Structure formats: C-alpha cells, structure tokens
Amino acid sequence: MKRAYNFNAGPAALPEWVLQEAKEHWLNFNDTGMSLMELSHRSKDYEAVHNEAKELLTSLLSIPDNYDILFLQGGASLQFTMVPMNLLPKNKTAYYALTGVWSEKAIKEAAKLGNTVISVSSKENNYTYIPNPEQIELPKDAAYLHITSNNTIYGTQWSNYPTNLSVPLIADMSSDILSTPIDVSQFGIIYAGAQKNLGPSGVTVVIIRKDLIKEDNTLPTMLSYHTHAKNNSLFNTPPTLGIYLLSLVLKWVKQQGGIEGIANINKEKAQQLYNVMDQSNGFYRGHAEEKSRSKMNVTFTLPSEKLTKAFLQEAKEVGFVGLNGHRSVGGCRASIYNAVPLEHVVELAKFMKDFQNNHL
Ligand SMILES: *Cc1c(COP(=O)(O)O)cnc(C)c1O
C-alpha cells in the first residue's frame, strides 16, 4: 500500500509510525488482553498513558512547573467559550487580535459573555497579514489578550508574539502547536484541537498557568478549568484513544529530534513551496504577505479561476489530497503540518513546477 500525499487542513496526516505502533497494540494493549479503548480510564495501564502524554509534552515544550496540562473535549471551539467564562470578569474587557475566521469565532463567543474589544485587525485586507505586535496596547481594564498563532484558512502565522503585556496572553495554537520552539512562559493559556499537529480529533490540549485556574462554583462544572486541573483531566471519562494516539505522536516528535528537529524539517518543507511560488513570475500568487507567511498552511491562487480549477483537478488525478482552499477564500491550500513528510512536499513542488511549464 502507498500512503496518500495528504495535504488536508484538519483532520490531517498522522505519522505512519504512529499508525503502525497503534496497530501493533490494537487488540492487546500491554498484555491486558484488551485494546486500549476497552480499559477503564481509572486503570493503571491507562493512567500510565495519560501521564506519559503529559510528561512528553512537558519535556518537548519545556513547560515550566507553574503550568498545568489539561486534556479536554469540545475542540478548540469550546475553548472560545471556556477562556472568557473562566478569565473574563464583568468589570473587565477581553482584547482580541482579529487575524482570521478562527479569531472572529473566538471573539463572537467571548462577546456573549462579557466586554470585548478588537485590539488589532487585518480584516480590512482580507487577512493577508499579521499585525505588528508592537502596536498592541492594552488599557488597565484588560483581562487578557487573545491571538490565533497560525491562521489555518489564510495561511498567515505570527513570527513573534506580543511581549511585556500586563495581562495574560492566550493563544489558539490549533494549527501550529509543536511546529516550532516557543517560550511557554510568555503565555497564560495555549490551547489546541489535536487534529492538525497533535493527533486525531476528539482531544483538546490546554496548557494553562496555574494562577489562572480559579475555583468558581457559579460556572458549570464541566466548563471550569479548576474541575479538570484538580482531577488530572479525569473528572469524567477522557477521550482515552485520542490521548493514547497523542502520546504516540509526542514520542514520534521526540524521535525526530524534538521540536528543533521538527522545526528544521518544517522550514525546509515551507521553503520548497514558497520557492516555487516566488520563482513562478506571478503564476502562483500567495494569499499571505511575505513576512506573515505560515509554515503550516501555504495558500495561493493561479492567474485565473479556470487555471486554479485545472490545477486542483490535475493534482487530484495524480494523487494529491486536500489542496482545495477553504470555502471562504477559495484558491489552493497545502497544509504541511508536522506529520506531512518532506518527500511528499518535494513531490508537490515538482508537480507545481511541471503544471506551470505545461500551462504557459
Ligand atoms: C481547526 C481550528 C479550530 C477549530 O478546531 P475544532 O477542534 O474543530 O473546534 C480553531 N482554531 C484554529 C486556529 C484552527 O485551525
């Protein structure tokens, strides 16, 4: 069997090693005579997996001691609600950087719960760039600043984050967590749905500074960070299979030389595609401004709607999966998350060059 050239935006490619490893233990995990999915979430065997996932994430991201890791459900989308529910008191205002559809959705949820202000925005330019973090100013009544570190749909990514903030920085890192080194201590909360860079859908990772976890009995129990932190994310049944696969993905990242190793490959992968675009004399036009380009989602269009269609059709015929742009922007998008092998990106770069030569 040949693995597909999978450029899906999410759920997305998983490392082949992870799938093989899971397959090997599918029917009989740890000599229990059961699959992992059949184990009690209170069993020693499962708890070891759960805690190993936390330990691996802690070591890969050098997460400081004053942070907790939570494994939740409801996707990144539920974090759009949980963040303001837990962190936005009535007398304060939440500030949001508006850099794409996911930040729009995050603000919309927060606005249902309290005061929100758009701090900086690239909406007027169809989200082609990331605002300068130096421009961000927060008044005294700010509760937090929320950013979307990588804009999956538009293909833009923050290359440096706002610093010296007086309030916690909250980042939706769903589409670039673990792709490049970060300094976790710059953030109050980092959250990510797993299905792009961390594993299958169904588990959401939340890395939260402990002083932001407050007991508040007025909150619904399941929507309080305190509930999950206090119970090691075992208050109720966690998505055990997803957490197991996450632990395998983290092992795989470690095998690749950790985040530094992964980041080098990611740089090379992105370079492959951006080079083709930059050397195409405008045949491939990037959606993102050069300095805001994402290393995870490469977005582009061709000179005409007709050529864009032909490109997507031919690409599909020769086996490239998932290259259609998001329905809100159109065009093409190659999502090249951690698990997409360099060789697949090299093949795509070659295809792009050939397509251009054949259609000049
Ligand atoms: C995919 C994505 C989401 C949505 O995640 P769900 O897990 O489907 O809720 C949110 N934010 C970003 C940046 C994403 O890429």
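Every number here is computed from the coordinates shown, using simple stated rules; none is lab data. In this text the structure is predicted, and so the values were computed from the model without any measurement. Note: ideal-geometry Cβ built from the backbone for every residue, glycine included; neighbour counts use all protein chains shown.
Each distinct pair of alpha carbons in the range 183-277 adds a 1/r term; the inverse of their mean, the Kirkwood radius, is 15.8 Å.
Put in line by how crowded their Cβ is, counting other Cβ atoms within 10 Å and starting with the fewest, S40, S294 read S40, S294. Taking all Cα pairs closer than 8 Å and separated by 6 or more residues, the relative contact order of the range 258-358 comes to 31 percent. In vacuum, with every alpha carbon of the range 258-358 counted as one equal point scatterer, what does the Debye formula give for log10 I(q)/I(0) at q = 0.20, 0.22 Å⁻¹? Two decimals, please. Normalising to I(0) and taking log10 leaves -1.02, -1.24. Classified by the C-alpha gyration tensor, the range 16-255 has a prolate form. Its axis ratio a/c, with a ≥ b ≥ c, is 1.5 or above, and a/b is larger than b/c. In whole Å, what is the distance between the alpha-carbon centres of the range 193-228 and the range 7-23? If we compute the Cα centre of each part, the gap is 24 Å.
Under the √(5λ) rule applied to the eigenvalues of the Cα gyration tensor, what semi-axes describe the equivalent ellipsoid of the range 108-150? Give them in Å, descending. Could you put the intermediate results ahead of the total?
Values: eigenvalues 78, 41, 16 Å².
Taking √(5λ) for each Cα gyration eigenvalue gives 20, 14, 9 Å.
Taking +1 at the Cβ of each Lys and Arg and -1 at the Cβ of each Asp and Glu, which of I69, Y96, T218 sits farthest along the dipole of the range 16-255 towards its positive end, judged by Cα position relative to the Cα centre? Farthest towards the positive end: T218.
Across the chain, C-alpha contacts under 8 Å between residues 6 or more apart give a mean separation that, scaled by the residue count, equals a relative contact order of 23 percent. Between M34 and S185, the C-beta separation translates, for a Förster distance of 56 Å, into a calculated FRET efficiency of about 0.90. Taking the helices alone, the chain has a mean residue ellipticity at 222 nm of -11500 deg cm²/dmol, built from -39,500 (n - 2.57) per DSSP H run of at least 4 residues and averaged over all its residues.
Cβ under 14 Å from D31's Cβ, D31 left aside: what net charge do those residues give with Lys, Arg +1 and Asp, Glu -1?
Numbers: positive: K44; negative: E24, E38, D45.
Counting the neighbours of D31, the net charge comes to -2.
Search the structure for amide H atoms under 5 Å from the amide H of T116, placed 1.01 Å from N in the peptide plane, and list their residues when 5 or more places away or on another chain. Placed amide hydrogens put A94 under 5 Å from T116. With a simple spin-label model that places each label point 7 Å from the Cα along the Cα-to-Cβ direction, the separation between E47 and Q73 comes to 2.2 nm.
Taking a Cβ cut-off of under 15 Å around G10, the surrounding Lys, Arg, Asp and Glu residues balance to a net charge of +2, with basic ones at +1 and acidic ones at -1.
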